[in-house]
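A short reminder: the numbers here are calculations on the coordinates, not readings from a lab. This is a predicted model, so every value here is computed, not measured. Here the Cβ positions follow ideal geometry from the backbone for every residue, glycine too, while neighbour counts run over all protein chains shown.
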Amino acid sequence: DVKVTQSSRYLVKRTGEKVFLECVQDMDHENMFWYRQDPGLGLRLIYFSYDVKMKEKGDIPEGYSVSREKKERFSLILESASTNQTSMYLCASSGQTFYNEQFFGPGTRLTVL
Amino acid sequence: AQKVTQAQTEISVVEKEDVTLDCVYETRDTTYYLFWYKQPPSGELVFLIRRNSFDEQNEISGRYSWNFQKSTSSFNFTITASQVVDSAVYFCASIGGSEKLVFGKGTKLTVNP
């Protein structure tokens with residue numbers, strides 16, 4: 001079974017802090033994704049990566065950056081956390097083409113105070 | 001661009017009732033894929049099914065069935081004899097020419113005992 005793990009289930013940070021969210025997949029998938037999920041807005045794509053050191057902006061990249069130094073690991077970085085970044089963050093991965101199903105991690109619920 | 005509409009925000013049924021979750025998609029692409037995901041209260045999105053635009057055959061998996069109709073741009077999901085464990089938010093999603101999976105806003109299904 002595909003397994004996607006995220007470093008924390010719950011995280012509380014203060015405004016202005018630098019925040020790292022880590023995601024690891026164990027299926028040698030080429031593609032990895034970061035979404036945020038907010039009530040009434042559904043899932044929105046922040047960034048994605050189709051290879052090591054490659055990254056592409058999603059629909060809402062502002063205030064975020066990403067890093068993919070190894071194939072299995074995709075990090076989401078909030079350079080200076082703000083209260084409007086309080087959300088559920090979901091990581092996903094998929095193999096080969098983008099048409100393949102994405103497998104999701106359990107999510108990180110981030111609260112920025 | 002892809003667009004996915006799930007008009008039903010919330011549905012409540014009593015156990016053993018059949019329930020259909022609607023999904024309408026918009027696309028200009030000839031080749032596209034449709035998905036359904038389940039998000040139980042634990043938060044992790046679980047992949048249920050993927051369908052490509054060239055395969056209009058209906059699919060049945062246990063109590064779950066999917067009806068894909070290109071003529072109405074719909075990909076509806078039916079749960080037969082619903083159970084309390086089916087309570088979750090269900091997302092329909094679509095991907096076409098771009099690399100981005102587009103999600104509907106989700107339908108929250110509550111199955112009462």
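Summary of packing: across the peptides B:27-34, B:104-111, the per-residue average of other C-beta atoms within 10 Å ranks them, highest first, as B:104-111, B:27-34.
Calculate the FRET efficiency for B:Asp29 and A:Met27 from the Cβ-Cβ distance with a Förster distance of 25 Å, rounded to the nearest 0.05. My answer for the efficiency is 0.40. When each of A:Leu11, A:Leu43 is scored by the number of other beta-carbon atoms lying within 10 Å, the sequence from fewest to most is A:Leu11, A:Leu43. Counts of other chain beta carbons within 10 angstrom of each beta carbon in peptide B:37-46 average 4. Contact order for chain A, expressed relative to its length and based on alpha carbon pairs under 8 Å spaced 6+ residues apart, stands at 37 percent. Highest GNM mean-square fluctuation among A:Met54, A:Met32, A:Met88, for chain A modelled with Cα contacts below 10 Å: A:Met54. Comparing A:Arg73, A:Arg44, A:Arg14 in a Gaussian network model of chain A (Cα springs below 10 Å), the most mobile by mean-square fluctuation is A:Arg14. Using the Cβ-Cβ distance between B:Asn67 and A:Thr5 with R0 set to 35 Å, the FRET efficiency works out to roughly 0.50.
In the structure shown, the pairs A:Lys18/A:Lys70; A:Lys18/A:Lys55; A:Lys71/B:Lys3; A:Lys53/B:Lys100; A:Lys70/B:Lys100 are assessed against 25 Å; a Cα-Cα span above that value is assigned to A:Lys71/B:Lys3.
Cβ under 14 Å from A:Glu69's Cβ, A:Glu69 left aside: what net charge do those residues give with Lys, Arg +1 and Asp, Glu -1? Surrounding charge for A:Glu69 is +3.
With a cut-off of 15 Å on the backbone N, the residues of the stretch A:59-73 near the modelled label site 7 Å out from A:Ser82 along Cα-Cβ are A:60-65. Summarising the label geometry, the points placed 7 Å from Cα in the beta-carbon direction at A:Leu41 and A:Ser65 lie 2.2 nm from one another.
A crude spin-label estimate for the pair B:Ala81 and A:Thr97, with each label 7 Å from Cα along the Cβ direction, gives 3.7 nm.
For a paramagnetic label modelled at 7 Å from the Cα of A:Met54 toward its Cβ, which residues of the stretch A:77-113 fall within the zone defined by backbone nitrogen distances under 19 Å? Only A:92-103 fall inside the zone, counting backbone N under 19 Å.
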